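Since the structure comes first, as structure tokens, the remarks are kept for the end.
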Amino acid sequence: MNHAVLAHRVRKRTKGRGARLPLALSAAAVLVASSVMPAYALDPFPATNVPTNPPGSYAEQVLASNGDNGIDPVLGKYYRIVALADLGDGVVVASYDGRPDGGDSPSPNSIVQRRSADGGKTWGNPTFIARGQMGSAGVQKYGFSDPSYVVDKVTGTVFNFHVYSKNQGFGGSILGNDDSDPNVISAEVSVSTDRGLTWSTDPANQPALPVPSGYTGGSAYSGFAGPLITNIVKPNGSTVNGVANVGGVVSMFASSGEGIQLKYGPHAGRLIQQFAGTIVQPDGSRQIQAYSVYSDDHGKSWTMGAPTGTGMDENKVVELSDGRIMLNSRDSSGANPHYRKVAYSSDGGATYSTPVIETQLPDPRNNGSITRMYPDAPEGSADAKKLLFSNSPTPTAGGARVDGTIRYSADDGKTWGSSRIFKPGSMSYSTLTPLADGTFGVLYEGDSNTITFGKFDKAWLSPIAATITPASATVANGGSTQLGVTVTNGDSVPLPASTVSLDALQDWTSTTADLPALDPGASVTVQLTVGSPSYAKAGAVPLTARLTAGPATVSAPVSMAVTGGSAENVVGAYIFGARNDTGRDLASQPYTAGSLVPYKFRVYSTGNVTESVVPQSGNFQPFLPPGAGNCRFSSLGAWGNFLCGTPQHTVSADEMAQGFFVPSTVWQVTGTGASTRNYTVTGDEVDLLVRNPRLDGSAAPVFNDLDGDGFAGPGDTVTFTYTVANAGNVALTNVSAPAIGLSRQSLAVGESVSVSSTYTLTDADIAARQLPASSIATTASNGSKVATLDLVRAAVPLKVKPAMPGSAPAITPQDLIGQNPPIDLDLGSSQAVKHRAGETVTIHNVEYGQWYYVYLNKRSYRLGWFFPTQQNTISFVLPDDVKNGMDSLVVLDSDGKQVSFGDFQVTPFGNK
């Protein structure tokens, strides 16, 4: 069976539509059947997430970028680490490290702040909360790092916690809390009593350094602890069972971002800032633990809580709806995959439970953020249970910090529902806070650690707090089975109409179930029919179930096992390719000959054993092994896939002329005990510029008067010359207009081709007095694109001999003898030329092309209508009944107007 269907373009998944239930589902569990649908397609290159797309609103602005000289060209050359707080009435403050060399402490960093008075729409210039000092001979280096705000909503006071370092940072600090020791890392808390405009440690207020004393008695800040609180947050510990310094904090730092103020219970009003510290354990070992530092007197004093956990790191806390505190921490130890760690406090942060892994929140050892969605919600209310969490959800320690994501919980973090990416690509530290206008702010480190503020509303997040729980199931290879998936709405509002499906997996099929709106607390179980490919071997399969409600999705792994299994070892692949230059505007940045076009391949295994996928040839470099960046994958497991994003194609002159190139590659797939498979994959055209294949043309007629009478008549011909030109910006091929016999294999930009054809006039054409307009269908190709032209041949008027007038004009005798005619009809003088009956008379100088009426004047003798020759003469035979005597011969035009006249004498004998 050739199950390896090749593809080389992005194919969107298609889903069937199931029957809808007529009413919202209530709290009772309901069983819903799914609709039968065909196999769904893989989506190898999902569309790039665009945070500013609907629904809702998301907008952002850069507050600081490396090298912007925003505050100081030396101290603020680089930026990192973010803190954010809303102070109410539109005031939002954001702070971050200004770093002279980009390093953590003990670099002489500074705490830089920008302040907004309009809810984050605009921001003031950067200022210092605490300014570092570069070291030199005789000058002590010192710096401040890792800011975190704590806002006292009761008094309006704002605190900013941060590291104060001299010679040593977190990794090099020694035990002790003597701030005068340059090898001891210190902790500082700055104070603002005017909503972030000025600070107790800013350059105008900063106490003497490098060893500041407490605030003086006359200082506006004398009632507050600090500025250094090292002795509180970094105790020396004590000797326990012969082990020295148990509980001693060797090194520590305030977790950057934002602390909280408790709203509920006996500790309402308490201010809490989280710390991470390396602490001596009872066995003498040292572990990184998390602990709270809190104040019950609005910052006049601070107390250190009991440390908790091991392998902790930057950690945040959030007050839950029942007054408990949940601690959420970065993990600093253990093997991959990595997740956040969670602990709880029932005594206001004084102590915490033993932290546990929260597998719902993968994290690449990164600083995240957690906050109440509605910080002023009443205790125990549904809104008080709603939390937001931000981080980079990559579960591999040391892996890429990418795709900044905000997740939603409606049950105090017991379960986590939908999410949305606010920053595709690089995103490191982030901090979230609700804003006074009902929206939400996120401050994050983006590309190259650019400090960026984003603002979004609830509609943008479109949060759902549903959970999906797939049942376990088995299926025979090549067979189908029923899979039950239970959906529970854990939110306080109805779950919108949604669908339940399986994410696409190679050659597996599934049905889709449509659900109507689901009431709060309600559950429903759907049955999906799942089909297995015949080549599947026995064992577990990595299927994923997904609930989709509008833009929001929630997923869960499926426990599915194949029974029986294929006895034959097979290998195979689906190979997809696509250009890899997303964001390039080909209108303003077209490629040129010699340019390198980035490309990518997604390869899916359609085998049942580990296989080796090796490219054999192709018009890309790098691509082939063994060179760096090649697209070989030596050990691709069953159901696995890989992305190769390194290939580049060098544009040739011919490809540039045609505006595209066609990817062409050959691959080989091998595996133990399986027949080798070879694939030739031809990709879709890759545009090198905005291709505009276009034809233009003309048709020029020439009349051929074959009988020479000056008029079009039957048998005369018209020759048409048709010209077709390439008026676009790319070369054309297969230029064709069958109706006129035009065929050209290729046509360069600006080049034209002409053909001629001759048409013979018919009686019908003459009767119509013209050849009608017509259009000639003309086509040309530019790869898959087609240029069309209706080549218009305009109507051709025909000069046809006029018909003889149908009636004779009125005539009146005139006295013309002896007068001078306007035109000499060359009849001769009456004395020299005499005419007789039966004689041929010739009139001269009458213009060819119209009918003339001739008569003798005196007796009004009508000779009739005559059409001149091309020599401008009229000849006629003088009738027998013409009377003798002198007269005038008169010529009228076809409208009866006199043209001329001449003396005319008739005698019985003429000139004899």
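Read-outs throughout are calculated quantities, based only on the coordinates presented, and are distinct from any laboratory measurement. Note that the structure is a prediction, hence the values are computed from the model and not measured. Here the Cβ positions follow ideal geometry from the backbone for every residue, glycine too, while neighbour counts run over all protein chains shown.
Which percent, nearest 5, of DSSP beta bridges in the chain are antiparallel?
95 percent
For q = 0.06, 0.07, 0.09, 0.11 Å⁻¹, what log10 I(q)/I(0) does the chain give under the Debye formula with an equal point scatterer on each alpha carbon and no solvent?
Those come out to -0.62, -0.75, -1.06, -1.29, one per q.
What is the packing order of peptides 50-58, 503-511, 236-244, taking the mean over residues of other C-beta atoms within 10 Å and listing the highest first?
503-511, 50-58, 236-244
Taking 0.36 nm per intervening residue step and subtracting the Cα-Cα distance, what contour gain separates Thr481 from Val833 on full extension?
114.7 nm
If I model a spin label as a point 7 Å beyond the Cα along the Cα-Cβ vector, how far apart are those points for Asp826 and Thr840 in nm?
Roughly 1.5 nm, to one decimal.
List the pair-distance distribution P(r) of region 59-461, using every Cα-Cα distance, as the percent of pairs falling in each 10 Å bin from 0 up to the bin containing the longest distance, rounded to whole percents.
Taking every Cα pair in region 59-461, the percentages come to 5, 25, 36, 26, 7, 1, 0.
Given the Cα-Cα distance of Thr359 and Asn125 and 0.36 nm per residue of separation, how much length would full extension add, in nm?
Here the segment from Thr359 to Asn125 would lengthen by 80.1 nm.
Measuring from the lowest to the highest alpha carbon on each principal axis, how far does region 708-769 reach, largest first, in angstroms?
Here the Cα extents, ordered largest to smallest, are 47, 20, 18 Å.
Less than 28 Å apart at the alpha-carbon level, and either on another chain or at least 8 residues along: which lysines does that give for Lys834?
Lys858, Lys883, Lys897, Lys912
What is the sum of charges, Lys and Arg at +1 and Asp and Glu at -1, for the other residues whose Cβ falls under 12 Å from the Cβ of Glu319?
Residues close to Glu319 contribute a combined charge of +2.
Treating cross-link reach as a plain straight distance, find the aspartates and glutamates whose alpha-carbon is under 17 Å from the alpha-carbon of Lys234, omitting any fewer than eight places away in the same chain.
Asp146, Asp178, Asp179, Asp181, Glu188, Asp313, Glu314
Restricting to DSSP H runs of at least four residues, report the calculated mean residue ellipticity at 222 nm for the chain, -39500 (n - 2.57) per run over all residues, nearest 500 deg cm²/dmol.
Value at 222 nm, helices only: -500 deg cm²/dmol.
To the nearest 0.05, how large is the calculated FRET efficiency for Ser774 and Ser875 if R₀ is 56 Å and r is the Cβ-Cβ distance?
0.85
Take the Cβ-Cβ distance between Thr239 and Asn569 as r, set R0 to 60 Å, and report the resulting FRET efficiency rounded to the nearest 0.05.
0.40
Applying 1/(1 + (r/R0)^6) with R0 = 30 Å to the Cβ-Cβ distance of Asp68 and Val749, what FRET efficiency is obtained, to the nearest 0.05?
0.10
When we measure straight from the Cα of Lys414, which lysines land under 29 angstrom away, once same-chain ones fewer than 8 places off are left out?
Hits, sequence-local ones excluded: Lys153, Lys263, Lys316, Lys341, Lys385, Lys386, Lys423, Lys455, Lys458.
Give the range of the longest stretch in the chain that excludes all GluC sites (Glu not before Pro) found in loop regions by DSSP and having at most 14 other beta-carbon atoms within 10 Å.
Of all site-free stretches, the longest is 1-378.
Of the listed peptides 853-862, 109-118, what is their order by residue-averaged count of other C-beta atoms within 10 Å, with the highest listed first?
Put in order of decreasing packing, that is 109-118, 853-862.
With the cut-off at 1.5 for a/c, could you classify region 277-370 from its C-alpha gyration tensor as rounded, prolate or oblate?
Here region 277-370 falls in the oblate category.
Extending each Cα 7 Å along its Cβ direction at Thr450 and Tyr759, get the distance between those two points in nm, one decimal.
Between Thr450 and Tyr759, the label points sit 6.2 nm apart.
Compute the Cα gyration tensor for region 165-267, then decide on rounded, prolate or oblate, letting a ≥ b ≥ c be the square roots of its eigenvalues: rounded whenever a/c is under 1.5, prolate when a/b is larger than b/c in the other cases, and oblate in all that remain.
Oblate, since a/c reaches 1.5 and b/c is not below a/b.
Once you treat every alpha carbon in region 346-408 as an equal point and sum by Debye, what is log10 I(q)/I(0) at q = 0.20, 0.21, 0.22 Å⁻¹?
-0.93, -0.98, -1.01
When only C-alpha pairs under 8 Å and at least 6 residues apart count, what is the relative contact order of region 759-912, in percent?
Answer for region 759-912 is 23 percent.
With only Lys, Arg, Asp and Glu charged, each at its Cβ (+1 for the first two, -1 for the last two), find how big the charge dipole of the chain is about the Cα centre; round to the nearest 20 debye.
1180 debye
How much net charge surrounds Tyr855 when only the other residues with a Cβ under 11 Å from the Cβ of Tyr855 are counted, with Lys and Arg +1 and Asp and Glu -1?
Within the 11 Å Cβ shell, the charges total +2.
Among Gln621, Ser605, Tyr291, pick out the residue whose Cα is farthest towards the positive end of the charge dipole of the chain, where Lys and Arg carry +1 and Asp and Glu carry -1 on C-beta, about the Cα centre.
Looking along the dipole axis, the top candidate is Ser605.
Using unit Cβ charges (K, R positive; D, E negative) and no other charged atoms, how large, in debye to the nearest 20, is the dipole of region 59-461 about its Cα centre?
360 debye
May I ask you to derive the relative contact order of region 59-461, considering only C-alpha pairs under 8 Å and at least 6 residues apart, and to give it as an integer percent?
Reported as a whole number, the value is 13 percent.
Each label point is 7 Å from the Cα along the Cα-to-Cβ direction; what then is the distance between the points at Asp152 and Asp347, in nm?
About 2.4 nm, to one decimal.
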